[in-house]
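Working notes for the structure below.
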């Protein structure tokens, strides 16, 4: 992957691009009004992260470009701020001040809702092992502006780490988080969408390892949650009790670690 900017970058975007390149150990290439296709061909790298004033976008030749955008997370956030309920937060029994680990961050939508639910005193660790997706989330969480203060502050509270989730879970102490969450749905999505379709080109397509659930149960104080298709055999395979939603094609599987 290489990192560049838009055609007419502000100084701040150039600084961010250079800083991220150092962090990601990826080359920063000044744009110099060169097309992305030419940059890709010239430097022999398909993936290009373009740093923009309010976020970032991913480019790969022959694929639909992908821009950081909270999408449905923003709709869910506005409902929460109106006092409405969120099925994911209810399934996980999230409380203000919680420590939450999102093991499969993807485009970061659920991490954003978790951060809002956990509030300013809580913390959300979002894990993503794809370098392009991690880079996109790193910039998006730090720089995206929705216009809703509470939502933007929630995005800034998320820590996004480039790592394979099982490796991270193995290294965490017992009972060190309140909620551990898995959403591998993008590997076999309920339906294609403008957000999910380009994600599939970058995502890890492996099934969840049963050891990841064992480790999550060791780490979680309250719940381990799996989001999947309704009727998925993954719930039974991995030992989850399902909580179906009557009007959707998804369900949440929950393993409760306390009785409160």
Single match in 116, 107, 49 (criterion: in the same structural domain as residue 21 (by TED's automatic domain parsing) and either on the phi > 0 side of the Ramachandran plot or buried (at least 23 other Cβ atoms within 10 Å of the Cβ) (or both)): 49
Some residue of segment 22-29 being free of Cβ contacts under 8 Å to residues at least 12 places away in the same chain and surrounded by fewer than 18 Cβ atoms within 10 Å (Cβ to Cβ): yes
Elements of type helices (runs of 4 or more DSSP H) in segment 49-119, at least 3 residues being under 26 Å from residue 5 (Cβ atoms): 109-118
Options 47, 86: the member that is within 19 Å of the chain's Cα centre (by Cα) and closer than 30 Å to residue 173 by Cβ: 86
Residue list for segment 30-46, restricted to those being in a loop (DSSP other than H, G, I, E, B) and surrounded by 15 or more Cβ atoms within 10 Å (Cβ to Cβ): 31, 45, 46
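The values are calculated or read from the model by the stated rules, or taken from the named source; none is laboratory data. Worth saying up front: this structure is predicted, and the values here are computed from it rather than measured. Neighbour counts are summed over all protein chains in view; Cβ atoms, including those assigned to glycine, are modelled from backbone coordinates with ideal geometry.
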